[in-house]
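Below you'll find the structure, written out as C-alpha cells, and then a few comments.
Every number here is computed from the coordinates shown, using simple stated rules; none is lab data. What you are looking at is a predicted structure, and each value in this text was computed from that prediction instead of being measured. Heads up, the Cβs are rebuilt from the backbone with ideal geometry, glycines too, and the neighbour counts pull from every protein chain shown.
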Amino acid sequence: MHRVRLLLIAAVLITTGICQAQTATGETLMLDLPRASQHAQIVQRIGITDITINYHRPLANGRQIWGKVVPYDRVWRAGANNATVLHTEGDLDIGGLAVPKGDYSLFVNLADLNAWELIINKQTGQGGLDYDASKDLGRVKMTMGKAPKLVEQLKYTLSNAGGNKGRLQLAWENVTATVNITVK
C-alpha cells in the first residue's frame, strides 16, 4: 500500500512538471522537469527602450489549433502554462493604448476571427487560465494575416522598424496577428 501511494504521488508531481527528490545525504532537491511547451524569452530594443516577452511555446503537433485546441469566442492566454508576460523599460504606445513602463500579462480576445484584440492586463504572476478582466489596462485591435508556411510552435516576434517604432507579432499554425508599438 505504501508503494502504491508513493507511485501515485510521483505521478502527480511528474504531470505537474515539478518533482522533489532527496539525496543520500538528506538534501531536498526541486526538479523542474521538461514541459511539452518550452519557455522562450525575446528581448528587443526599440528606440532606447528594451522590451521583453516571456512565454511558453506550445506545438501544433498536427492538430488544428484555431477553433479546436484554442476555441474561438473567448479569451486565450496567448501561450501555454503561465500567462505570457510583457516587460517594458519605458513608456509605450501599443496600437493606440498608452502602456506605462512596467510588467503586464498578455491575453488575446478571439471573439472576432478576423479582428483579434490584444489584451494588456496589469496583473502578473498568475496562471494562464487565471484571467481577470477587471485588471485590464486595455485592449487593442490586431492586424490579422496568414502565415506563409506552417508555424509549428507558437512564436512571438518583436521587431524594430527604426527610430522609436516597432511591431509585436504572434504566429502559430497558419495565423499571424500583429500590432504596432511606439516608444514614447
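Structure values in brief
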| quantity | calculated |
| --- | --- |
| Sorted by Cβ density within 10 Å, fewest first, the residues TRP76, TRP66 | TRP66, TRP76 |
| Residues listed by number, segment 62-105, amide nitrogen under 20 Å from LYS141 label point at 7 Å toward C-beta | 73-76, 93-99 |
| Separation of the ASP91 and ASP73 label points, Cα + 7 Å toward Cβ, nm | 4.0 |
| Total charge dipole magnitude, segment 42-184, about the Cα centre, Cβ charges on Lys, Arg, Asp, Glu only, Debye to nearest 20 | 340 |
| Fewest-first ranking of ARG77, ARG167, ARG63, ARG57, using other Cβ atoms within 10 Å as the exposure measure | ARG63, ARG167, ARG57, ARG77 |
| Inter-probe distance in nm under a simple model that places probes 7 Å from Cα toward Cβ, at ALA36 and SER159 | 3.1 |
| Estimated distance in nm for a label pair at LEU59 and ASP103, the labels positioned 7 Å out from Cα along Cα-to-Cβ | 3.0 |
| Relative exposure of VAL175, VAL69, judged by other C-beta atoms within 10 Å (fewest first) | VAL69, VAL175 |
| Environment charge of THR182, counting only residues whose C-beta is closer than 9 Å and scoring Lys/Arg +1, Asp/Glu -1 | +1 |
